[in-house]
1. Can you tell me which residue in the range 62-86 is modelled with the lowest pLDDT, limited to those that are within 18 Å of ARG30 (Cβ to Cβ) and surrounded by 10 or more Cβ atoms within 10 Å (Cβ to Cβ)?
2. Go through the range 37-60 and give me each residue that's part of a loop (DSSP other than H, G, I, E, B), touching a residue at least 12 places away in the same chain (Cβ under 8 Å) and surrounded by 13 or more Cβ atoms within 10 Å (Cβ to Cβ).
3. Out of the range 4-36, which residues are hydrophobic (A, V, I, L, M, F, W, C), modelled with pLDDT under 85 and surrounded by fewer than 10 Cβ atoms within 10 Å (Cβ to Cβ)?
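The values are calculated or read from the model by the stated rules, or taken from the named source; none is laboratory data. If you're wondering where the values come from, they're calculated on a predicted model, not measured in any experiment. Every residue, glycine as well, gets a Cβ built from its backbone with ideal geometry; the counts of neighbours run over all protein chains shown.
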Amino acid sequence: MSKVEQSEDASSEAVTPRRRGKWTAQQRQRIVADSRVKGASVDEVARRHGVRPNLLSAWRRQWKSSRAVKPMKFAAVKLSAVPTDGSIEIDLHAGCVRVRGIVDGVMLREVLASTR
């Protein structure tokens, strides 16, 4: 095989040519998702999408740090008297929890445990 044929074979391996410029957030998310599939190689996914592997690795680190669970802080609550009626409303990232009526500590723990 001649050098010309070899270079043609080598160039046909690249699916998408590398490009310079900005990638949209949606494009980055899709490429990172492709790289997170079980058995996927960062180099292979980067080559397929025309991205340098080090850039894809940086996007993966950003994705991982943005998904890190941030510790939550709770305020201490003290009751001066036992309420006869009331409600509790807690806004969570995934929705809102409302408990109406007489709420004791055991019930509140069960409600909060179910939101995890």
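1. Here the answer is LYS64.
2. Of the range 37-60, the ones part of a loop (DSSP other than H, G, I, E, B) are 37-41, 50-52.
Right, trim to touching a residue at least 12 places away in the same chain (Cβ under 8 Å) and you get 50-52.
The answer is GLY50, VAL51.
3. Within the range 4-36, the subset hydrophobic (A, V, I, L, M, F, W, C) is 4, 10, 14-15, 23, 25, 31-33.
Narrowing further to those that are modelled with pLDDT under 85: 4, 10, 14-15, 23.
Answer for the range 4-36, where residues must be hydrophobic (A, V, I, L, M, F, W, C), modelled with pLDDT under 85 and surrounded by fewer than 10 Cβ atoms within 10 Å (Cβ to Cβ): VAL4, ALA10.
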